[in-house]
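Here the structure is laid out as structure tokens; the discussion comes afterwards.
The values are calculated or read from the model by the stated rules, or taken from the named source; none is laboratory data. Just so you know, these numbers come straight off a predicted model, no measurement behind them. All Cβ positions, glycine included, derive from the backbone under ideal geometry; neighbour counts span all protein chains shown.
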Amino acid sequence: MDIADDYAIRTALIDRTEFGYSGRGSNWDRAGFTARILKRLKQAEIDLVAMAGFMTILDPLVFKTYGGRIINLHPSLLPLFPGARAVDDALKAGVTETGTTVHLATEILDDPTYIIAQAKVPVLPNDDHAKLAARIRHAEHKLYPKTLDDIMKGRLDLPKLA
């Protein structure tokens, strides 16, 4: 949030733990957390939501409210390796290439239906999780800002939900 403050970008922190989130299990108020996020987005008159590293599945209400306007970043070339272990899954599969995907978020986790942009990253013979993840992050740090800039400046249209 300090970087955002340096650029006069409004921020809000909504702490998951206030809703019982512990990172494990389902004993937390997902609907309440999502409702609080939606309330804050509406207050700030947000039109487009860009997620990265969020690692939380939101209540379906968010997709009814912002469907087609939530963008997510995933560390693989979807449809390959959805889920939280994409880097390890790529290594385990022995692929020679993986990457990163910018896509519309839907109720389906890491839905490959609405891919916006992808960047390839080679998997090298000596790669472990840390090395590969670092190269994927490097690709993400180039692809995501460029893609968001293209969307905001009208050079790239978002896919339409079916």
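Side notes on the structure shown:
- The lone exception for Y21 - which of (1) within 28 Å of A117 (Cβ to Cβ); (2) outside the structural domain of I116 (by TED's automatic domain parsing) it fails: (1)
- Segment 117-162 - residue that is of a type in the set (G, A, S) and touching a helix residue (DSSP H, G or I) at 6+ places or on another chain (Cβ under 8 Å) and, of those, nearest to L104 (Cα to Cα): A117
- Scanning segment 74-104 for residues that are exposed (fewer than 14 other Cβ atoms within 10 Å of the Cβ) and either closer than 15 Å to D127 by Cα or aromatic (F, W, Y) (or both) gives K92, A93, G94, T96, E97.
- Subset of segment 52-87 that is part of a loop (DSSP other than H, G, I, E, B), under 23 Å from A130 (Cβ atoms) and of a type in the set (A, V, I, L, M) - its residue that is modelled with the lowest pLDDT: M55
- Test: residue in segment 51-73 that is surrounded by 15 or more Cβ atoms within 10 Å (Cβ to Cβ), basic (K, R) and assigned by TED's automatic domain parsing to the domain that holds A139: yes
- Pair list, Cβ under 8 Å, 6 or more apart: segment 128-139 residue in the same structural domain as G99 (by TED's automatic domain parsing) and without any contact (Cβ under 8 Å) to a residue 40 or more places away in the chain, other residue hydrophobic (A, V, I, L, M, F, W, C) and loosely packed, with under 13 Cβ neighbours inside 10 Å: K131/L124
- Output for segment 88-114, where each listed residue is within 21 Å of H129 (Cβ to Cβ), of a type in the set (V, I, T) and part of a loop (DSSP other than H, G, I, E, B): V95, T96
- So T34, is it within 29 Å of D157 (Cα to Cα), free of Cβ contacts under 8 Å to residues at least 60 places away in the same chain and in contact with a His (Cβ under 9 Å, 6 or more places away or on another chain): no
- Segment 18-51, residues that are at pLDDT 85 or above, within 28 Å of E140 (Cα to Cα) and either of a type in the set (S, T, N, Q) or outside any helix (DSSP H, G or I) (or both): Y21, T34, A44, E45, I46, D47, L48, V49, A50, M51
- Residue among E140, E107 that alone is under 16 Å from the mean Cα position of the chain (by Cα), surrounded by 19 or more Cβ atoms within 10 Å (Cβ to Cβ) and charged (D, E, K, R): E140
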